[in-house]
1. Using every alpha carbon pair in the range B:300-368, what percent of pairs falls into each 10 Å bin from 0 up to the bin containing the largest distance?
2. Could you bin all the Cα-Cα distances of the range B:370-419 into 5 Å bins starting at 0 and give me the percent of pairs in each, rounded to whole numbers?
3. Averaging sequence separations of C-alpha pairs under 8 Å and six or more residues apart, then dividing by the length of chain B, give the relative contact order as a whole percent.
4. How much net charge surrounds A:Arg307 when only other residues with a Cβ under 15 Å from its Cβ are counted (Lys, Arg +1; Asp, Glu -1)?
5. So what is the accessible area of the range A:177-296 per residue, in Å², with the probe set to 1.4 Å?
6. Hey, how many Å between the Cα centroid of the range B:30-56 and the Cα centroid of the range B:430-467?
7. Placing +1 at every Lys and Arg Cβ and -1 at every Asp and Glu Cβ, with all other atoms neutral, what dipole size does the range B:420-478 have around its Cα centre, in debye to the nearest 20?
8. Which whole-number value in Å³ per residue fits the convex hull of the alpha carbons of chain A?
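The values are calculated or read from the model by the stated rules, or taken from the named source; none is laboratory data. Keep in mind that what you see is a predicted model, and the values were worked out from it rather than measured. Here the Cβ positions follow ideal geometry from the backbone for every residue, glycine too, while neighbour counts run over all protein chains shown. In case anyone asks, the SASA skips ligands and DNA or RNA and just uses the protein heavy atoms, side chains included. Shrake-Rupley method; radii C 1.70, N 1.55, O 1.52, S 1.80 Å.
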Amino acid sequence: MFDAQINNLKNNSHLNAIVHDLSNDPVFLDKTDGILSGKSIAIKENIHLKGIGLSCASKILQNYKSIYNATVVERIKKAGGAILATTNMDEFAMGSSSEHTIHGVVKNPHDITRVAGGSSGGSAVAVASGMVDLALGSDTGGSVRQPSAFCGIYGLKPTYGRISRFGLVSYASSFDQIGIFSNNVKDMSNLFESISGNDEKDSTSALEKVKPYLFNEKKYKIGLPEEYWGKGIDPEMRKILDKFIAKLKSDGHDVKSISMPKTEYSIATYYILTTAEASSNLARFDGVQYGHRENADNPIDMTIFTRNFGFGDEVKRRILLGTFVLSSGYYDAYFEKAQKMRRLIQKDFKNAFEEFDILLTPTVPTPPFKIGEKMDDPLTMYLSDIYTVPMSLAGVPALNLPIGETKSKLPVCIQAVGDFFNENELFNFAELCN
Amino acid sequence: MNSHGKWKVVIGLEVHVQLNTKSKLFCGCSNESLGKPNSRCCPICIGLPGSLPLPNKSAIEKSALFGIAVNSKINKSVQFSRKNYFYPDLPKGFQTSQFSLPICEGGEIKYLHDNMEKTVQLTRAHLEEDAGKLIHSVQDSATHIDLNRCGTPLLEIVSEPDLRSASEAKAYLTQLKQQIQYLEISNCDMEKGQLRCDANVSIRKNDSDEFGTRAEIKNVNSFKFVEKAINLEINRQIDILENGGKIKQCTLQYDDKADSISVLRLKEDAHDYRYFPCPDLPPVFIDDKIIKKLNDNCPEKPIEKVKRFQKDYKLSLSDSERICQESNFANYFENLIIKIGDVKKSKNILLGDISKLLKDKNISINELPISIDDISKLLNFQNNGSLSVSNFKKAFILKAESNNPLSTILEKNNLLNDDTHSLADIVIEVADANPSELLRYQSGEEKLKGFFMGQIMRKTQGKANPAELVKLIEALKTHSN
């Protein structure tokens, strides 16, 4: 079983996609009549798999082992899926290139001099290179959609609250969602159906029922938010995207443009709120109870030395920013204002879905960039998430789907955005476009 | 009444009470205060990565019940916030607490001080999680961490600066503790840290309206020490001001062994806690049904019970306060009255034999090892003369020590007088055996009463009930053989 996948796993170690190869003894192979039976799955290394290392690609958790299973792992088990590997990522899911990792930079299978995207780069590569059928990642501002776009596969960020976060190491709790990578819609919808739905272990998990997905032929009302279709898109990609839109129109779908005026505030809002939450969520890595510890004469210094040694630059940058925006005297100016803006951005989406079934935007502005290209320029790196961050602020589901490739064989993708809890509409659209 | 010359004292208290819920505030771990170090822990309460908190509804309801009892406004949407700081006993690096919307806002506690009823306004009462404990070991000169206490629900009750002396502070605390015990939401055992107190103290000139700079005394663990610490702080501040100095805002700690206070940190070193709404915990709503249920179940306030007992049972203030100190004790009193039908006797036995037994055995009224039925039986025997006062006490203690039925205990220890019928027989026997004395008695020689008394007492080995005996001897005047 899984011979082809295991072969791909063993032969592609140079891509640095995998942290723990479990294919010699896959987890949960026992159940044969589940919806996921016969499916091989990889999970991002920030999702708890009992007994397996959980470093989150950080020095601070380098030797940490999980002692319990995440809810998604339990649900995969119940549905008969086999977990073959855990995957590489940006440290604590902070990054857009899977370069900020202790496990080596993840390489894009389409061009190994280019990044795979991030932060769930390892999961994207594992699926794109056939190591597994499916993979889980986590998406806080685009960490599933952007790497799936860079690797040319399907990538879903579900509605916030759709999939339990219990057992997912938190980066920004009010944004984090476990997402899915796949090579086809059917596999994705099956995994989605298996792991989504309310979980009493996660107070933020939604009560909405999960309906089985069934394909139906239909004509869509499609919105094109003009703020996403302006300057800044790679010209070659733009052509392919425009052709795709034109085809939709000629197929009889109703395509119109729409304005979402608050879009320009997305990146600022996102980085204020996520870093604030991250500064608090990552406070537990203090060297006291678990993880790496640096020696010092007193507990305060111990924590300072441990965190200084244990966290990489990008994580430190975000913790500092988050600490700043929550500080007394700045809270109102930054955190409070950003929360208000978040509600306005959400309203933009709610308004749009009164008129449209789905929205279409580019997933990324450019094809995958070169390894090392943006490491010294965090701001440019942050801007590579410009099209994925607003959906995370709003909490709506979004699906990356591959639509073509550039002359140099780099993937070109588009992002379909749906109304709250309407992931099935996105699956349907993707299947329609297939 | 404390007097500090030209200085007016302003005190506000922050009281932390551990709620007696079955499980902790955000996980299913037991909330017992027992257990080996780190035995009552799970990924949630020790903050392992990936774990998420689940709010305990019972803790929320107990907090709301407190608010209802002290006339607070109950915020129906309960929002938790994170208070961020690093400390080795705080495994998540933040304490989940409440900030802008506490469960209870406002409210008041009435208390008696020097026979006067006074009122303290409450600012708020909010729910938060306790931290772990650091244990400094002499054996291996290391510091160990016990995380059992992590996640224990705490209700923090913040008063307005309405208290004007250390003894008022103590009286308020006593009333607050009593109120909480009445609600049965905490055991308030200060030795176990179930009730802890911080005091904010400032002074100002009598004729000034402006508040002075305040100092906070942290974590004092007995009412006596709170009173002492506040008085020390008042004197420290008066000394500084009278010598032309200025009070610096600071946090102090009280050392009960040395009976002294010392500065822990100055305001400049105060934490910026960076409160923000906890993104893992959406607001929990307390619906009207729950509020109604809590309202219906909210017991009488202790201070009102004291007043009612004074009025209904004609008790003195001090007796009423004694009886109402614990709600179970007060309830027991009312049960006794129903059973015995006599307020005075109920009060006497409660404050007498029962209280003594509780004190000797160091137990509460709920653990009283003698049933209210047996007490009632004993009192009946006493009333009808078959149990003397000293034998009543004996029987009471013996029953408390034994599982044997009361009748067995009385019989085995020969505590009951022979019943009144057989006492009458003995009287007749003695009279018949002494016919000439009887004749003289019947013809008016009253002093022979003493003769018969002596004879009968000898025969009954002193167990005859004297009152009963007097009656029977009186009756001999008309006895004929």
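1. 22, 57, 21, 0
2. 5, 24, 39, 25, 7, 0
3. Taking the mean separation of contacting Cα pairs over the length of chain B, I get 14 percent.
4. Residues near A:Arg307 contribute +1 overall.
5. Each residue of the range A:177-296 exposes 47 Å² on average to a 1.4 Å probe.
6. 78 Å
7. Dipole of the range B:420-478, to the nearest 20 debye: 180 debye.
8. 136 Å³
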